[in-house]
Amino acid sequence: MCGIVGVLGRHEVAPLILESLKRLEYRGYDSAGIATVNAGVLDRRRAVGKLVNLSDLLVHQPLPGKAGIGHTRWATHGEPNVKNAHPHRSGPVAVVHNGIIENFRALREALALEGIGHETDTDTETIALLTRHHLDRGMTPAEAVAATLARLDGAFALAFLFDGEEDLMIGARKGSPLAVGWGEGEMFLGSDAIALAPMTDRITYLEEGDWVVITRAGAEFHDLAGNRVNRPVARIRLDQTRVDKAGHKHFMAKEIAEQPSVLGAVTAFHLLPDGTDLALPAEVDFTTADRITLVACGTGHYATQVAKYWFEQLAGIPVEIDIASEFRYRQPVLSDRGVAIFVSQSGETADTLAALRHVSGKVARTIGVVNVPTSSIARETDVALPILAGPEISVASTKGFTAQLLVLLLLALKAGQDRGRLPPAMMAQHLATLKTLPGLVARALDREADIEALAQKLAETRDALFLGRGVMFPLALEAALKLKEISYIHAEGYASGELKHGPIALIDKVMPVIVLAPRDALYDKTVSNMQEVMARQGRVILVSDRAGLDEAGPVWAQLQMPSVPDLLAPIVYAIPAQLLAYHAALARGTDVDQPRNLAKSVTVE
Ligand code: F6R
């Protein structure tokens, strides 16, 4: 959701900023831009669309300078055109912004009364206009920025650059992440450690409300109240910031293929070394919990939907789930004995973060299930459990989803243990089952050629329906989301028993209906629903194990999965969902890693 970067360098900075923006492009790719100060003069280049367009522009119109800021945009206010592209500039100040300024209209009106007009459709330009206004009144750049920040409502990570100031950059953070990078005679700013990784592994994360004045000699941090504060420098692990495709055609393909090793790493980390018990932090304790609330967005929400079944079955505890953007607006009833779990790959999703802040102090404990250990959700929850997926660059989440599922399963097992519902022998059996997971996922991945063939059939369709029952229902929803977001085929997921209450009207001879039905306790019911589709000449693609396929008889197409223990089925069946979407998107020639209109890390509400 917009990436920002800033460099006070020893050499020309435009190539460095471009490289950083490439690593941030997963956050948005509607437009990109860079501003530098060279020989005291502020200048900028901006281009619509992907970063490559800005790169091309810079070949013809180079941008010299050793101080610069850059931006890759996911449009919120104003269509993606050059005028609305960042950096925004007003006179001597240029600014890049990630977030939304909620009171920008009121600010614009106030500025207009003073004869200061706007030129773009963006909220961000208001920040540049206000800062210029303060500079015009004789303030220093730092004073002008502080005065501007005091007037902004909403969420922002900002980087400012000033005409005539080649050794000055100012950053600010409220609601959107921002990090300072420390070099040798060079300083950096960036939305995340991934952006800064090629330049430094020494990072300071700004706290909520902080702003920072940066020169090549160092950084001066200020808190919300304007007090000088010290913030610690952390060393980041460079293996956590690698963003190459490792020989795969797309990040998505690489991330799908990584799942066996990611899942192995999750169990290795969260279980004792001999695998005989869970090794979760002491704060993860459900002994006195009277309910569990699970909150997330998108794919993370579908992971929580699966987890609801697990917590109820394994721990017998009431579970409430909600999408984060709805949660706090319905006045959820919270209990001071409740445990609230927030699931987020990025750890920065604005809706999820807002939901977390909403429950803070109102429940016994908050738990984060996150991929980025330094993220806001990781830092603001009482205890954060890493999903250890490594950087997920493809906009569509894959390894993040299965790793979230596995950590949620471990939490459900812990809840069962804490509440005396899982005697040691049963627990030992479940833990032994977990060890088979990477192998089962690898076997599901081995079906790729068959899945690719099915995806060719799917690629020709306009609509598709995914059906599942029990834990396979959220998988149907996730499969539909994956397909629509990267192939742009309209897809819906339904609980298979719900079909007859309306959606069955959609069944015809054209639309594929993909049925996810491992041979489990609910198989017979799901297959009955599948028969209802076939009786209406629907085109069924059945995804099941050998026993399930044999029992079901002839269908339009089928896909064989390994036979899996019930507990692991939702994780293993994520693989065909992901690969079907991936190959359908390839067949349709869409942009797999950067689908239209989307961005990873959604830091606006
Ligand atoms: C879909 C997808 C999104 C994210 C959602 C939440 O493939 O990736 O639906 O799951 O935007 O993001 P996080 O998990 O970062 O909070």
> Do you know which residues across the stretch 309-335 are of a type in the set (A, V, I, L, M, F, W, C) and either open to solvent by 20 Å² or more (accessible area, probe 1.4 Å) or assigned to a helix (DSSP H, G or I) (or both)?
Replying inline: TRP310, PHE311, LEU314, ALA315, ILE321, ILE323, ALA324, PHE327, VAL333, LEU334
> In this structure, does ALA265 turn out to be part of a loop (DSSP other than H, G, I, E, B), more than 16 Å from the ligand (Cβ to nearest atom) and closer than 28 Å to LEU196 by Cα?
Replying inline: no
> How do the helices (runs of 4 or more DSSP H) wholly within the stretch 524-605 filter down when requiring 1 or more residues that are under 29 Å from the mean Cα position of the chain (by Cα) and polar (S, T, N, Q): which remain?
Replying inline: 574-588
> For the stretch 411-460, which residues satisfy the criterion of being over 27 Å from the mean Cα position of the chain (by Cα), surrounded by 18 or more Cβ atoms within 10 Å (Cβ to Cβ) and either part of a helix (DSSP H, G or I) or β-branched (Val, Ile, Thr) (or both)?
Replying inline: GLY416, GLN417, MET427, HIS430, LEU431, LEU454
> Would you pick out the residues in the stretch 462-480 that are touching a Phe, Trp or Tyr at 6+ places or on another chain (Cβ under 9 Å) and part of a loop (DSSP other than H, G, I, E, B)?
Replying inline: ARG469, GLY470, VAL471
> Which ones in the stretch 445-479 are among the small types (Gly, Ala, Ser) and closer than 17 Å to THR402 by Cβ?
Replying inline: GLY468, ALA476, ALA479
> From the list SER563, SER601, which one is surrounded by 19 or more Cβ atoms within 10 Å (Cβ to Cβ) and under 25 Å from GLN404 (Cβ atoms)?
Replying inline: SER601
> VAL339 fails exactly one of the following numbered conditions: (1) modelled with pLDDT of 95 or more; (2) crowded, with 22+ Cβ neighbours inside 10 Å; (3) within 28 Å of PHE156 (Cβ to Cβ). What is the number of that condition?
Replying inline: (3)
> Counting only residues that are within 18 Å of LEU206 (Cα to Cα) and within 32 Å of the chain's Cα centre (by Cα), which one in the stretch 131-147 is least open to solvent (accessible area, probe 1.4 Å)?
Replying inline: VAL145
>> Just to be sure before I move on: is ALA253 assigned to a helix (DSSP H, G or I), out of contact with any helix residue (DSSP H, G or I) (no Cβ under 7 Å at 6 or more places or on another chain) and either modelled with pLDDT of 95 or more or within 30 Å of ALA354 (Cβ to Cβ) (or both) in the structure I sent?
In response: no
> Quick one: ALA584 ticks every box in (1) at pLDDT 95 or above; (2) surrounded by fewer than 22 Cβ atoms within 10 Å (Cβ to Cβ) bar one, so which box is it?
Replying inline: (2)
> Only one of (1) open to solvent by less than 30 Å² (accessible area, probe 1.4 Å); (2) in a loop (DSSP other than H, G, I, E, B) is not met by GLY33, so which one is it?
Replying inline: (2)
>> So, in the stretch 356-390, how many residues would count as being part of a helix (DSSP H, G or I), within 14 Å of the ligand (Cβ to nearest atom) and not acidic (Asp, Glu)?
In response: 4
>> Is it the case, given these coordinates, that GLY70 is under 16 Å from GLU19 (Cβ atoms) and either crowded, with 16+ Cβ neighbours inside 10 Å or of a type in the set (A, V, I, L, M, F, W, C) (or both)?
In response: yes
>> Could you tell me how many of the residues in the stretch 393-410 are within 8 Å of the ligand (Cβ to nearest atom), open to solvent by less than 10 Å² (accessible area, probe 1.4 Å), within 10 Å of the chain's Cα centre (by Cα) and of a type outside the set (A, V, I, L, M)?
In response: 1
> Before we move on, is ILE341 within 16 Å of the ligand (Cβ to nearest atom) and over 17 Å from the mean Cα position of the chain (by Cα)?
Replying inline: no
>> Being within 27 Å of the chain's Cα centre (by Cα) and either under 24 Å from ARG242 (Cα atoms) or among the charged types (D, E, K, R) (or both): is that true of LEU8 here?
In response: no
>> Regarding the stretch 194-202, can at least one residue be identified that is in contact with a Ser or Thr (Cβ under 6 Å, 6 or more places away or on another chain), without any contact (Cβ under 8 Å) to a residue 40 or more places away in the chain, part of a strand (DSSP E or B) and of a type outside the set (Asp, Glu)?
In response: no
>> Checking ALA350 against (1) within 12 Å of the ligand (Cβ to nearest atom); (2) among the small types (Gly, Ala, Ser); (3) modelled with pLDDT of 95 or more; (4) open to solvent by 10 Å² or more (accessible area, probe 1.4 Å): exactly one of these is not met. Which one?
In response: (3)
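The values are calculated or read from the model by the stated rules, or taken from the named source; none is laboratory data. Keep in mind it's a predicted model, so treat the numbers as computed, not measured. Positions of Cβ are backbone-derived with ideal geometry, glycine not excepted, and every protein chain shown enters the neighbour counts. Side chains included, ligands, DNA and RNA excluded: accessible areas come from the protein's heavy atoms. Shrake-Rupley method; radii C 1.70, N 1.55, O 1.52, S 1.80 Å.
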